[in-house]
Amino acid sequence: MSLTINADTLPRYQTRAILGVVTLLMLVVSAFFIITTYQAGYDRIEEQAEQLKDERRQRLRSEIDAALNYIDYTRQQTEAVLRDNIREQVRHAMELARAIHTVETARQNNPEAIATLIRESLRNLRFFDGRGYLFIDTMDGECVLLPTQPEIEGYSLLDNRDDSGRYIMQGLIEAARKPAGSGYVTYRWYAPGSTTQMHDKIAYVEHFEPLDWVIGTGDYLYEVENDLKREMLRRLQAQQIVGEGYMSVLDATGRVLLSPSRPNSEGLAFDELADEHRALVNMLVDQATPNGRFVEYRWYEQSSDVMRDKLALVQLVPEWGWVLVASVYQDALADVIEHQKRRLEAELHADLQALFLLLISALVVAMAVALLISRWLRQLMQRYRCELEQQQAELAASNHELQLAGQIFEAAGEGAMITDANNCIMAVNPAFTRITGYSADEVIGQKPSLLASGLQSRTFYARMWQALSEEKRWQGEVWNRRRTGEFYPQWLSITVIEDEQGLPCNYVAMFNDITERKATEDQLRYLSDYDALTDLPNRRLLRERVTKAVQDARATDQPLGLLIIDLDRFKGVNDSLGHAAGDTLLKAVAHRLARSVRSCDTLSRIGGDEFAVLLTEVNDTDALQGQIEHYLALVAVPLNLDGHELVVTACAGLALYPQDGEDFDTLLRNSDTALYHAKERGRNNLELFAPVMTRQVSDRLLLEGRLREALKRGEFELYYQPQYDFAHNRLTDCEALIRWNSPEGMVMPDTFIPLAEETGLIVPIGAWVLQEACRQGEAWNRVSVEPLSVAVNVSAVQFRPALVSEVQAALDETGFDACLLVLEVTESVLMSDIEGSVQLLQELRELGVRVALDDFGTGYASLAYLKRFVLDKLKIDRAFIMGIPDDKDDVAITSSIIDIARNLNIMTVAEGVETEAHCAFLRKAGCNLAQGYYFDKPLPAEEFMRRLQ
């Protein structure tokens with residue numbers, strides 16, 4: 001069957017071919033897409049499942065490693081903890097013994113009675129869960145006090161030896177005889193309840209000189225290690241792994257030490273467990289290795305009889321004979337995988353539907369395209385014919401436009417010139433002839449340089465041609481020459497015309513004669529640079545000349561000066577004789593000074609009755625001073641003004657370059673400051689500027705001005721210093737500290753807070769700090785697991801009745817919990833008005849906020865006021881923290897503050913904690929919170945958020 005191809009059949013054949021090809025391609029691509037998508041989805045599910053298992057194994061491994069690290073650290077600290085504890089108990093006993101001896105000696109009691117009183121006071125002291133006690137021996141080895149064996153008191157124990165042959169009493173005496181009067185002794189002795197088994201024991205003794213006694217105590221290393229094991233079990237019991245996971249502990253014999261899922265089995269031996277539980281314990285103990293091993297099994301979920309699949313890491317701890325079991329339930333993993341499968345099938349179903357719709361759409365589009373192509377082929381010849389007719393019409397219209405453009409070119413008021421690519425003049429308009437004086441015949445074929453005045457440099461024309469090359473346009477002011485030879489200014493605009501290849505083919509220049517405009521500008525410039533009354537340069541022109549003189553002086557290292565002369569009591573002339581007389585006086589003074597001022601200097605009237613003189617070529621200070629005194633003498637020459645003979649004096653202030661300033665504004669300001677000081681001394685005085693005149697005032701005014709704008713511009717920022725809880729070893733609180741991010745750099749609070757308090761700006765600044773701290777605290781608590789308290793400092797100016805409404809407004813607007821806001825005030829603030837402070841504190845506490853006493857111990861508040869003020873926290877000043885534990889006074893004061901606060905049910909916060917020794921002492925002393933560079937410096941909000949996470 002032959003095909004007949006013509007204008008009618010060709011579109012039909014093309015339509016069928018396009019539809020067939022599109023359908024086949026869509027089917028092939030769809031099948032490939034479905035198969036690859038389904039396979040990739042299942043591969044991704046398998047990969048995710050394996051990845052989830054690996055993540056759980058890594059989490060279990062990290063939990064076990066953390067526990068092993070803590071156990072190793074605990075074992076290493078056993079002896080150190082024991083030594084610290086027994087030394088602390090002995091020192092308490094020594095303080096008690098010294099106190100009793102001092103008091104009883106003052107009462108003149110006999111030594112024997114004093115000794116008995118001290119011995120009996122120490123007999124019943126117990127510690128270390130009741131097993132610890134104190135013993136006393138003489139330096140001759142006689143037992144004075146042994147609470148566990150009172151029957152041997154009074155007997156010598158010099159011959160007592162342990163199972164290694166070591167003489168125990170002799171070792172205690174030798175330690176007490178050391179230059180320090182104290183020391184540790186290691187020996188072995190019978191464990192409590194045993195007369196056959198000895199264990200390692202450490203004792204600490206000190207020499208009590210008044211009675212020549214040895215006072216000491218000791219404890220067994222294994223007892224301390226048992227205490228640490230119990231602490232470790234409590235720590236592991238509180239540990240949670242991946243949601244429902246937990247940590248269990250067995251010993252090597254199968255005894256259950258910790259079992260969160262079956263707490264009633266804790267403490268039971270292997271034989272005491274139920275069969276099912278015993279089988280699980282036996283399997284876990286068998287699988288335990290020093291390197292750890294992963295096992296899978298089924299076990300009951302916590303507080304339930306439902307069994308679930310579990311994954312566990314079993315780790316043997318040979319040093320303690322423990323088996324650590326970190327386990328998690330695996331149900332969630334299976335649920336995730338099943339969910340992924342269901343989602344994959346749903347996505348595949350949706351893809352099939354979308355593919356079907358896409359196939360139908362593609363067929364419809366293909367049919368529409370084929371129909372359009374068919375129609376296009378039929379209309380192609382007709383379109384060509386229409387385009388030819390349209391091009392002929394456009395040519396006719398273009399010809400008309402060219403004729404119209406020619407008429408506009410001839411009638412334009414601006415001078416116009418057209419050149420070719422070689423910059424030869426092709427045409428000019430009548431305005432060109434009127435402005436330049438050249439006729440068209442005289443310039444056509446010539447270069448535009450015929451009109452050049454020679455006033456512009458080659459660099460000027462090079463820049464003009466560069467602009468034309470890069471931007472295709474240039475405009476600016478140039479000076480050209482008329483046919484008569486007269487120079488005149490014109491405003492010139494040049495445009496580049498390019499051909500189809502983008503190459504310049506013509507240049508069109510349009511210009512205006514701006515001679516009259518330039519004359520007007522010159523007149524305006526004179527009026528803007530000179531004073532209308534005295535015809536002297538004004539401040540603007542003086543600024544230009546001083547700036548130029550400073551540049552020249554900087555290059556030649558030549559000093560110069562700026563002098564300000566101000567008439568004394570000029571206002572009285574205006575008030576008594578009128579302003580016309582005042583103007584006459586000013587013109588007379590200007591005339592006198594102008595005649596005397598050197599040609600190299602500049603006399604200016606800068607406003608009112610103030611004149612300024614720019615002094616150049618300043619080399620001799622004495623001569624300069626004489627010159628200025630001559631100016632003042634000229635001003636003081638009597639003047640006849642409307643029949644009144646006046647004697648007007650003036651004061652002058654001088655600033656020198658470069659020592660008093662290196663720019664106009666600085667020199668003017670400093671000379672004005674010197675003038676101010678001259679007028680303070682009286683009339684007809686000269687004062688040279690000295691930095692001390694303005695340094696303090698200008699610094700203060702500048703800082704105050706910047707401070708007033710800082711809050712409006714949002715230049716303040718809060719930093720947050722973390723506070724750590726010793727009891728829970730975590731971050732629970734923070735203190736908000738203001739910082740000023742000034743454009744000139746960071747300004748610390750000790751620089752601007754005193755000024756803010758003095759000017760009253762501390763009130764709006766403090767309100768902003770309250771608002772921002774509450775807002776930030778609420779933002780953190782929305783994402784934090786545990787609530788975080790925020791402390792805000794309150795200054796003496798803020799501590800007023802209005803503070804209650806400011807705090808309430810901040811809490812209401814931010815939604816921050818009032819019990820998490822802590823207001824910190826100092827002792828001096830509270831003691832300034834005790835009754836008012838008590839009332840204001842009560843109102844604040846009714847809002848629910850807490851109050852902390854800052855820098856406690858450095859002020860003058862008596863302890864009785866602690867009860868009246870009803871405080872929540874005491875902040876121990878860093879001055880007491882820095883000396884501990886070496887400074888005995890700081891140790892005693894800090895311990896006393898903590899004891900007082902504990903008895904009054906007030907939390908304590910230590911400031912300035914910077915070392916591990918600080919932490920160890922404060923933790924033992926019972927301090928609640930601590931802050932300082934040991935933990936963290938004050939942090940911006942973003943960095944604090946990362947630390948909180």
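Readers should treat all values here as calculations from the given coordinates under stated rules, not as data from a laboratory. Note that the structure is a prediction, hence the values are computed from the model and not measured. Reconstructed Cβ throughout: ideal geometry from the backbone, glycine too, with neighbour counts over all protein chains shown.
Numerical summary
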item: Formal net charge of residues neighbouring Ala581 (Cβ-Cβ distance under 14 Å; K, R +1; D, E -1); result: -2
item: Set of region 291-329 residues, backbone N closer than 17 Å to the point 7 Å along the Cα-Cβ line of Glu276; result: 297-310
item: Estimated distance in nm for a label pair at Lys472 and Ser528, the labels positioned 7 Å out from Cα along Cα-to-Cβ; result: 3.5 nm
item: Approximate shape of the chain as ellipsoid semi-axes (Cα gyration tensor, √5λ), whole Å, largest first; result: 87, 63, 24
item: 25 °C / 0.890 mPa s Stokes-Einstein diffusion coefficient of region 607-732, Kirkwood radius on C-alpha pairs, µm²/s; result: 130 µm²/s
item: Global form of region 535-693, assessed from the alpha-carbon gyration tensor, a/c cut-off 1.5; result: prolate
item: Cα lying deepest toward the dipole's positive end in the chain, options Asn124, Ala930, Val797, charges on Cβ; result: Val797
item: Sequence of Met307, Met94 once ranked by neighbouring C-beta atoms within 10 Å, starting from the fewest; result: Met307, Met94
item: Signed unit charges on C-beta, dipole axis of the chain, positive-most listed residue Ile425, Ala636, Phe856; result: Ile425
item: Virtual paramagnetic centre 7 Å along Cα→Cβ of Arg234, amide N under 14 Å, in region 247-263; result: none
item: Angle between the chain longest axis and helix 621-635 axis [Cα atoms, degrees, rounded to 10]; result: 60 degrees
item: Expected 222 nm ellipticity per residue - DSSP helices of 4 or more, -39500 (n - 2.57), all of the chain, to 500; result: -17000 deg cm²/dmol
item: Least to most buried among Arg131, Arg59 (fewest other Cβ within 10 Å first); result: Arg131, Arg59
item: Which of Pro743, Tyr133, Met907, positive extreme of dipole for the chain (C-beta unit charges); result: Pro743
item: Full-extension gain in nm, Glu516 to Glu50, via 0.36 nm per residue minus C-alpha separation; result: 158.9 nm
item: Amide H within-cut-off set for Met139, under 5 Å, with H built and near neighbours excluded; result: Val214
item: Theoretical gain in end-to-end length, Ser261 to Glu209 [0.36 nm per residue, Cα-Cα removed]; result: 12.9 nm
item: Cα long-axis angle, helix 539-556 against the chain (0 to 90 degrees, to the nearest 10); result: 70 degrees
item: Student exercise, the chain dipole from Lys, Arg, Asp, Glu Cβ charges, in Debye to nearest 20; result: 2180 debye
item: Phi-based couplings in Hz for region 746-757 (Karplus 6.51, -1.76, 1.60; Gly and Pro marked x); result: 5, 10, 7, x, 5, 8, 9, 5, x, 5, 4, 5
item: Full-extension gain in nm, Ser439 to Ala581, via 0.36 nm per residue minus C-alpha separation; result: 45.0 nm
item: Paramagnetic reach from Ala633 in region 656-685 [backbone N under 20 Å; point 7 Å along Cα→Cβ]; result: 683-685
item: Efficiency of FRET between Thr186 and Asp889 - r from beta-carbon atoms, R0 30 angstrom, step 0.05; result: 0.40
item: Packing-based exposure ordering (other Cβ within 10 Å, fewest first) of Cys600, Cys919; result: Cys600, Cys919
item: Mean separation of Cα contacts under 8 Å (6+ apart) over length of the chain, as relative contact order %; result: 5 percent
item: Label-point gap, in nm, between Gln625 and Arg463 - each point 7 angstrom along Cα→Cβ; result: 4.9 nm
item: Counting DSSP beta bridges with both ends in the chain, the antiparallel % (nearest 5); result: 80 percent
item: Relative packing of peptides 550-562, 288-300, 167-179 - highest average C-beta neighbours within 10 Å first; result: 167-179, 550-562, 288-300
item: Computed E for Asp899/Thr759 - FRET, C-beta separation, R0 60 angstrom, nearest 0.05; result: 0.90
item: Glu174/Arg123 FRET efficiency (R0 35 Å; Cβ-Cβ; nearest 0.05); result: 0.85
item: 20 Å Cα-Cα threshold exceeded, pairs from Lys201/Lys924; Lys548/Lys587; Lys201/Lys229; Lys712/Lys937; result: Lys201/Lys924; Lys548/Lys587; Lys712/Lys937
item: Label-to-label distance, nm, for residues given as Ala594 and Ile418 (7 Å Cα→Cβ offset); result: 5.6 nm
item: Under 14 Å, Cβ to Cβ, from Asn282 - net charge with Lys/Arg +1 and Asp/Glu -1; result: -4
item: Dipole magnitude of region 454-577, debye to nearest 20 (Cβ charges: Lys/Arg +1, Asp/Glu -1, about Cα centre); result: 200 debye
item: Crossing angle, helix 579-596 versus the chain [Cα axis fit, 0-90 degrees, rounded to tens]; result: 90 degrees
item: DSSP beta bridges in region 702-948 [antiparallel fraction, %, rounded to 5]; result: 45 percent
